[in-house]
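Following: one structure in structure tokens, then a few remarks.
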Amino acid sequence: MATDFKFPRLLKGRPAILWIVGINIAAFLILRIIAVVLNLTGNTHLQQPMLEWVELPASIPLLVSRPWTVLTYMFCQYDAMHLIMNMLLLYWTGSLYSSVWGGRKLVHLYIYIYGGLAGAVTYILLYALSPALSPDGAFLIGSSASLFAVMTALAIRMPRLQVNLFLLGSVPVFAVVIFIIAFDIVLGAGGNNIGGHLAHIGGVVAGALYCYMPKIRLCSYSRAPEVTATPDDTRNLDAILDKIKSSGYASLTPSERKTLFEISSRIK
């Protein structure tokens, strides 16, 4: 019996974070397949030029000739471990954000793009203003700045949310995010990719601005009328949020997760 299979149905109604992760994985596979083809045809020397068409250049004149890289760089990874670590953290933080604020909205995409753009501006300005850094041959690739924006927004919007970590037990999500940011700063200060790590700080700033400056929350404005929570919705939501704060999101039953998602999808 034939099965009616359509790819869009796989992600229909899914949190926007899954679309973002899917785009990153697809971009990685495309870049890798092209690299394999170049290797098999004896054109290994074209791999770096191929990457430079999606990487963000530190050189402003080169950026002017490739303006699309402001967007493509934030959806591309070429190293497998870089992809895996970024996507695991992105899915984790995005899922936690969705658990309370709703996953069908494009909130993740807006924060993600804001973080990527802020990271790009930080990176370019750093090379333009620092006499110790040369923009020649310097390129930025990866979703890390966007990831840091999503993590920062999560920590600010739900600082007391508890997450269960191996060997550590229940830890506030705010502490986890602060540790990741601090570790990245220390790692970047002693490495040879200081520009890339400082671009992550641009993502942190973008995530904070998204939370504290409503005017840049484009996804918060809708022509549809707001839905007011019923007394039962409010009571159920408060009970679930209290459980999340005390025991972590993982402690919720499937029924409670479904209720949480349905309520957060109906109200703002």
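Against the criterion of solvent-accessible heavy-atom surface with a 1.4 angstrom probe, Arg157, Arg32, Arg235 sort, most first, into Arg235, Arg32, Arg157.
For Ile23, the solvent-accessible surface with a 1.4 Å probe is about 80 Å², rounded to the nearest 10. What the Cβ-Cβ distance of Thr234 and Leu168 gives, at R0 = 30 Å and to the nearest 0.05, is a FRET efficiency of 0.35.
The chymotrypsin sites (Phe, Trp or Tyr not before Pro) of region 29-101 meeting both criteria, a DSSP state outside H, G, I, E and B (loop) and at most 14 other C-beta atoms within 10 angstrom of the site's C-beta, are Trp53, Trp68. Note on region 113-170: Cα convex hull, mean projected area over all directions, 6.2 nm². Length, then width, then depth: along the principal axes, the Cα atoms of region 55-195 run 47, 35, 27 Å.
The values are calculated or read from the model by the stated rules, or taken from the named source; none is laboratory data. This structure is a prediction, so every number in the text was calculated from the model and none was measured. Positions of Cβ are generated from backbone atoms using ideal geometry, with glycine treated the same way; all protein chains shown enter the neighbour counts. Surface accessibility is based on the protein's heavy atoms, side chains included, excluding ligands, DNA and RNA. Shrake-Rupley method; radii C 1.70, N 1.55, O 1.52, S 1.80 Å.
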